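Have a look at the structure below, then the notes.
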Amino acid sequence: MNGQYRALWLNKADDLEVIDQRYLPFAKNICVLKTAHDICEAIKDMTVRGAGVIGNVAAFGVFLAAREFEGDKTQIKQAAIKIRESRPTAVNLMWAVDRMLHVVEHADDVIAACKAEAIAIADKDVLRTQKIGQIGCDIIEDIMVDKKINQFNILTHCNAGWLAIVDSGSALAPIYEAQKRGINIHVWVDETRPRNQGASLTSWELLDAGIQHTIIPDNTGGHLVQQGLVDMVITGADRVALNGDAANKIGTYLKALAAKDNDVPFYIALPINTFDFDCKNGVQDIEIEQRSEDEVHMMRGLDNKGNVQTIRITPEHSKTANYGFDVTPARLITGLITEAGVIAPNQEAIRQLQPSCST
Ligand code: MRU
């Protein structure tokens, strides 16, 4: 990865362009967002998704609001609050909007200052993900030496690549770095029902990068770790509490349980702005988004003529439950891979990162 993998950018007119993730892997469509309302809709309907990118898009949304309301601070703040409330679990969204609100409060030329800050937030994320890649890959190399293996099998859940955090991701960053270092790596990709971020997005990224991978149904991970076919499990996170409990895409917790039961290391990779220093206990306090029943009832794919179709896979009158995330307790996490190093999942270690979160 060389810094060209961005899921969002400003065009010449200073509108925000994003890769519309709803159409991947079948089409790479670009969506143009011009107003704060466009931003809210794009986050809610998952045109854009993934904790880091949601934060970036939200920051640019405050810039678009500043432009739309010609620098009127009251109107910009009202729009920013709506953006902040567009999804509940990924804390990067709140972090980014709060940073932008600080700029709105203190700047004289609000439009220019908001644009500069949104760009700075995204640029900083690039550096964070590069560092996470290097630190995570060092762990991969250590495990390979310890186990005396020359191929590394890693399992990931959901999508935490460059589509989710510019521009090499969190969980996928060590994998991209491993490829750069010439490590023979193979990725087990959980399909990640119901929206299939693994099957549709992670596989698309890995294929594009030429990295060996195999898509597996979500229920397969336990069997693989039991059979010694997984050397490490790694996922991203949407919010990590002060006690080290980590919210990530629904199903992550089950992977962590299987890893623990089989002595397989389970790592969470995250930039420091994914910590919620105000949340003392993740399992108890992190709000879990509940999404539309239709995401469980319906599946999207290509028919035999190559057209995208959405079909129903459930009986018409059955109910579904669609929790977007679960929380993996700290006791199941081997370590938190951040741009500041590998952190133990406990309050003492995490507290020390708090000063770096505002830079
Ligand atoms: O609901 P999504 O697709 O926005 O879910 C968020 C995620 O992409 C994952 O939970 C991911 O592993 C963490 S984001 C880097």
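Quick check: is even one residue across the stretch 195-212 in contact with a helix residue (DSSP H, G or I) (Cβ under 7 Å, 6 or more places away or on another chain), within 12 Å of the ligand (Cβ to nearest atom), in the same structural domain as Glu295 (by TED's automatic domain parsing) and modelled with pLDDT of 95 or more? Taking every residue of the stretch 195-212 in turn, at least one turns out to be in contact with a helix residue (DSSP H, G or I) (Cβ under 7 Å, 6 or more places away or on another chain), within 12 Å of the ligand (Cβ to nearest atom), in the same structural domain as Glu295 (by TED's automatic domain parsing) and modelled with pLDDT of 95 or more.
Residue count for the stretch 225-241, restricted to those that are assigned to a strand (DSSP E or B) and hydrophobic (A, V, I, L, M, F, W, C): 5.
Checked against the criteria, Gly222 does not count as part of a helix (DSSP H, G or I), under 17 Å from Lys255 (Cβ atoms) and within 12 Å of the ligand (Cβ to nearest atom). Considering the stretch 1-54, the qualifying strands (runs of 3 or more DSSP E), each wholly inside and each with 2 or more residues that are within 15 Å of the ligand (Cβ to nearest atom), run over 16-19. Residue count for the stretch 158-186 satisfying the condition of being at pLDDT 95 or above, more than 9 Å from the ligand (Cβ to nearest atom), farther than 21 Å from Val264 by Cβ and crowded, with 23+ Cβ neighbours inside 10 Å: 2. With respect to the conditions (1) more than 30 Å from Asn307 (Cα to Cα); (2) in contact with a strand residue (DSSP E or B) (Cβ under 9 Å, 6 or more places away or on another chain); (3) crowded, with 20+ Cβ neighbours inside 10 Å, Asp15 falls short on a single one, namely (3).
Residues in the stretch 221-239 that are within 21 Å of Asn196 (Cβ to Cβ) and without any contact (Cβ under 8 Å) to a residue 24 or more places away in the chain: His223 alone. Scoring Ile132 on the criteria (1) within 20 Å of Ala160 (Cα to Cα); (2) surrounded by fewer than 20 Cβ atoms within 10 Å (Cβ to Cβ); (3) of a type in the set (Val, Ile, Thr) leaves a single failure, condition (2).
The residue that is surrounded by the fewest Cβ atoms within 10 Å (Cβ to Cβ), counting only those in the stretch 66-82 that are free of Cβ contacts under 8 Å to residues at least 40 places away in the same chain and in a helix (DSSP H, G or I), is Thr74. Counting only residues that are within 16 Å of the ligand (Cβ to nearest atom) and of a type in the set (Asp, Glu), the stretch 83-115 holds 1 of them.
Screening the stretch 242-260 for residues that are in contact with a Phe, Trp or Tyr (Cβ under 8 Å, 6 or more places away or on another chain) and more than 10 Å from the ligand (Cβ to nearest atom) and picking the one that is nearest to Thr274 (Cα to Cα) gives Leu242. Applying the set (1) at negative phi; (2) not in a helix (DSSP H, G or I) to Leu207 leaves exactly one unmet item: (2). Taken together, Val225, Val189, Val233 contain a single residue that is more than 22 Å from Arg291 (Cβ to Cβ), crowded, with 17+ Cβ neighbours inside 10 Å and within 18 Å of the chain's Cα centre (by Cα), which is Val233.
In this structure, Ala199 does satisfy being surrounded by fewer than 23 Cβ atoms within 10 Å (Cβ to Cβ), out of contact with any Phe, Trp or Tyr (no Cβ under 8 Å at 6 or more places or on another chain) and among the small types (Gly, Ala, Ser). Scanning the stretch 270-300 for residues that are more than 27 Å from Ser358 (Cβ to Cβ) and of a type in the set (D, E, K, R), we see that the one that is nearest to the ligand (Cβ to nearest atom) is Arg291. Scanning the stretch 332-359 for residues that are touching a residue at least 12 places away in the same chain (Cβ under 8 Å) and among the charged types (D, E, K, R) yields Glu339, Arg351.
Screening the stretch 251-327 for strands (runs of 3 or more DSSP E) wholly inside it with 2 or more residues that are surrounded by 12 or more Cβ atoms within 10 Å (Cβ to Cβ) returns the ranges 266-269, 298-302. For residues that are part of a helix (DSSP H, G or I) and in contact with a strand residue (DSSP E or B) (Cβ under 7 Å, 6 or more places away or on another chain), scanning just the stretch 140-157, find the one that is farthest from the ligand (Cβ to nearest atom). So, considering only residues that are part of a helix (DSSP H, G or I) and in contact with a strand residue (DSSP E or B) (Cβ under 7 Å, 6 or more places away or on another chain), the one farthest from the ligand (Cβ to nearest atom) is Met144.
The values are calculated or read from the model by the stated rules, or taken from the named source; none is laboratory data. A quick note: this is a predicted structure, and the numbers were derived from the prediction, not measured. Quick reminder, even Gly has a Cβ in these numbers, built from the backbone with ideal geometry, and neighbours come from all protein chains shown.
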